[in-house]
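Report on the following structure.
The values are calculated or read from the model by the stated rules, or taken from the named source; none is laboratory data. This one's a predicted model, so the numbers in the text were calculated from it and none came from an experiment. In this analysis, Cβ positions are derived from the backbone assuming ideal geometry, glycine residues included, and neighbour counts consider all displayed protein chains.
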């Protein structure tokens, strides 16, 4: 088994998959709830893989995700382990702090009131 050099050790054992922690999910689901209330998003999916955890956001269930929020612990010491990726595959924001990375999506909530 090949393990990335920066993989976190839990009781001396490297994890088989990366997952979001409860606090991270709280931040993500807080934003998700606000966007659902605004009528922008309707569904989500979570994937926990060997090197990355992905929170996918959908407008409709049968579509490709609008956005992906990724956690890659292997990039923690470089450009940051959190990233928001758009539908076209472009990285919209990357960083070390999840809340600051998610601000790129919160801007979509701000609309002009007439």
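Suppose we filter 107, 78 for residues that are assigned to a helix (DSSP H, G or I), on the phi < 0 side of the Ramachandran plot and at pLDDT below 90; which single one remains? Just one listed residue meets the conditions, 107.
Every residue, every condition in (1) surrounded by fewer than 13 Cβ atoms within 10 Å (Cβ to Cβ); (2) closer than 19 Å to residue 105 by Cα; (3) modelled with pLDDT under 85, yes or no:
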| residue | (1), (2), (3) |
| --- | --- |
| 4 | no, no, yes |
| 9 | yes, no, yes |
| 41 | no, yes, no |
| 47 | no, no, no |
| 53 | no, yes, no |
| 66 | no, yes, no |
| 82 | no, yes, no |
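Restricting attention to region 24-58, the residues being farther than 19 Å from residue 83 by Cβ, out of contact with any strand residue (DSSP E or B) (no Cβ under 6 Å at 6 or more places or on another chain) and touching a residue at least 12 places away in the same chain (Cβ under 8 Å) number 4. Only one of the numbered conditions (1) touching a strand residue (DSSP E or B) at 6+ places or on another chain (Cβ under 8 Å); (2) loosely packed, with under 14 Cβ neighbours inside 10 Å; (3) assigned to a loop (DSSP other than H, G, I, E, B); (4) at pLDDT 85 or above is violated by residue 61, and that is (4).
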